[in-house]
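Down below is the structure, laid out as structure tokens.
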Amino acid sequence: MKLVLVMMTLLAACPVWGQSDDSTATPTIPPKSSFRSSWIMEPGFSYAYTHLPTLHGYFRANQVKVDKTFDRLALAAFAYRRQRFKGTLQAFFGIDKSLLPPDKKGTSLFAQRQGVSGITILLGYDVANTRNKRVFINAGLGSIRYEYGLFRPSTQVVSFQNMLQYAAPGNVPSLIQTNGFWDVNVEVVQREKRPNTFQWVSRVGYRRSFQASPWRSNAYELVDAPKERVSQFYLQVGLYISRNFSGRQKP
């Protein structure tokens, strides 16, 4: 009787022995997240090289020293993505260069950027859609405002009360260029994984004015002002703060 019980126990255990050990099973890769749409806010920072050949040529001809560092810009954007298409409204503002003033040794004239700002509307398509990243090609239109001021450093003592009556030769308080432009860039962003996510994003792009426009000034009525066509290469780094929505589940 004992022998029969042992044999029945062994037969019952055979299916268990035939099963694979879960601890040695190959781990499965989780499926690629697929959120149908996203609302996105983005704070960011940008370095830009701004090409102003006409104005810089005028500065060189008149021995005006120019701060040649890259423009530092803060940016803010709001976007909506649906499937692989995305629309973006982006604004950018120059970081005050008075925090990092140019070398003012000597008595030469200096040209210093007083302000830069702009707004861009972009439409993008997700050309590379991988498990961990999205790569967008964005193109759009915008407007930019660029302003310079010219001054000559000196050791002359001027009373604050009489400052409004003092006019140093060569000083030009404002030279302004406002221009519409087209913009194209390549954007790489981390793929959204959860309904609420933070994702790093970077862009490399180029923008260029549609046509040359004359320089103007808030201080003077300029005549025969040279025309300028602004072009700008830029690198942007930002943080996506996104709310992501899945598609409707089929019954």
Handout entry: Inter-probe distance in nm under a simple model that places probes 7 Å from Cα toward Cβ, at Arg131 and Phe210
Key = 4.6 nm
Exercise for the section: Name the long-range amide H neighbours of Gln114: under 5 Å, sequence gap of 5 or more, or other chain; modelled H, no Pro or chain starts. Expected result: Glu147, Tyr148, Gly149
Practice task
For Phe78, Phe35, Phe85, give the ranking by accessible area with the largest first, probe 1.4 Å.
Solution key: Phe85, Phe78, Phe35
Practice task
Tabulate in residue order the Karplus-calculated ³J(HN,Hα) for the range 236-245, using 6.51 cos²θ - 1.76 cosθ + 1.60 with θ = phi - 60°, rounded to whole Hz; enter x for Gly and Pro.
Solution key: 10, 10, x, 10, 6, 10, 10, 10, 10, 10
Exercise for the section: For Glu221 and Leu89, compute 0.36 nm times the residue count separating them, minus their Cα-Cα distance, and round to one decimal in nm. Expected result: 44.1 nm
Problem - Compactness index (Cα Rg / 2.2 N^0.38 Å), the range 133-207 - result: 2.03
Handout entry: Cut-off 20 Å (backbone N to label point 7 Å along Cα→Cβ of Met41), residues of the range 80-95
Key = 80-82, 87-93
Fill in the blank from the handout: Evaluated at 20 °C and 1.002 mPa s, the Stokes-Einstein D of the range 177-251 based on the Kirkwood radius over Cα pairs, in µm²/s, stands at 132 µm²/s
Handout entry: Accessible solvent surface per residue of the range 164-246, calculated while the other protein chains remain in place, 1.4 angstrom probe, Å²
Key = 55 Å²
Completion exercise
With label points set 7 Å from each Cα along the Cα-to-Cβ direction at Ser231 and Val157, the distance between them in nm comes to 5.1 nm
Practice task
Using R₀ = 25 Å, calculate the FRET efficiency as 1/(1 + (r/R₀)^6) where r is the Cβ-Cβ separation of Asn196 and Ala139; round to 0.05.
Solution key: 0.30
Practice task
Tally up the carbon and sulfur contribution to the accessible surface of the range 143-219 as a whole percent, 1.4 Å probe, everything protein left in place.
Solution key: 59 percent
Completion exercise
With the dipole of the range 100-251 defined by +1 on each Lys or Arg Cβ and -1 on each Asp or Glu Cβ, the option from Ser202, Leu141, Val116 whose Cα lies farthest towards the positive pole is Ser202
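The values are calculated or read from the model by the stated rules, or taken from the named source; none is laboratory data. No experiment lies behind these values; they were computed from the predicted model shown. Positions of Cβ are backbone-derived with ideal geometry, glycine not excepted, and every protein chain shown enters the neighbour counts. For accessibility, only protein heavy atoms count, side chains too; no ligands or nucleic acids. Shrake-Rupley method; radii C 1.70, N 1.55, O 1.52, S 1.80 Å.
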